[in-house]
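In what follows, a structure is listed as C-alpha cells, so that the remarks can point back to it.
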Amino acid sequence: QVRLVESGGGLVQLGGSLRLSCTASGSARGTYTMAWFRQAPGKQRDLVASIAFDDDINYADSVKGRFTISRGNVKHMIYLQMNSLKPEDTADYYCNLRDEEDIFWGQGTQVTVSS
C-alpha cells in the first residue's frame, strides 16, 4: 500500500508561481511512475505531468514551458514547479503513483489563480 501526501497549493495572482510537493510512503511494487493530475470544477481529472522510474518525463501541452516536474533527493518525492500561472490553471491538483499492480492517489491540494 502506498500513501501520497501533497502540499504547496494556495492562492496566487496571474503570472505568479507555486511549487507543489508530494511524498509517497509505503511500498510500491516494482517500477512505478509518479504524476500530477488536476481537476477543475465540473471537469474531468487530467494529467499535468509525469515522471517515470527511469526519469522519462511527459507534460500536458497546456503546461509545457511553464511547469516542471522533478524528483526530490529520493525517488519517492516529486515536485511540480508552476510558473506563469493562469486562471485556467485553477484546479485541485492530485499526486498519483502507478506501480505494477495498482494506482494510488493523494488527497489533493487546491490551486487558485486570480486575475
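Looking across segment 48-95, the residues that are hydroxyl-bearing (Ser, Thr, Tyr), under 30 Å from Gly30 (Cβ atoms) and surrounded by 15 or more Cβ atoms within 10 Å (Cβ to Cβ) come down to Ser50, Tyr59, Thr68, Tyr79, Tyr93, Tyr94. When residues in segment 96-111 are screened for being open to solvent by less than 50 Å² (accessible area, probe 1.4 Å) and modelled with pLDDT of 95 or more, 7 of them pass. Of everything in segment 37-54 that is of a type outside the set (Val, Ile, Thr), in contact with a helix residue (DSSP H, G or I) (Cβ under 9 Å, 6 or more places away or on another chain) and assigned to a strand (DSSP E or B), the residue that is farthest from Phe67 (Cα to Cα) is Asp46. Looking across segment 27-47, the residues that are open to solvent by 60 Å² or more (accessible area, probe 1.4 Å) and either touching a Phe, Trp or Tyr at 6+ places or on another chain (Cβ under 8 Å) or over 22 Å from Asp99 (Cβ atoms) (or both) come down to Thr31, Pro41, Gly42, Lys43, Gln44, Arg45, Asp46, Leu47. Does any residue in segment 6-35 that is of a type in the set (Lys, Arg) come within less than 6 Å, Cβ to Cβ, of a residue that is surrounded by fewer than 12 Cβ atoms within 10 Å (Cβ to Cβ) six or more places away or on a different chain, and which pairs are these? Filtered contacts from segment 6-35: Arg29/Glu100; Arg29/Glu101.
The values are calculated or read from the model by the stated rules, or taken from the named source; none is laboratory data. None of the values given here were measured: they were computed from a predicted structure. Note that each Cβ is placed from the backbone with ideal geometry, even for glycine, and that neighbours are counted across all protein chains shown. Protein only, heavy atoms only, side chains kept; ligands, DNA and RNA dropped before computing areas. Shrake-Rupley method; radii C 1.70, N 1.55, O 1.52, S 1.80 Å.
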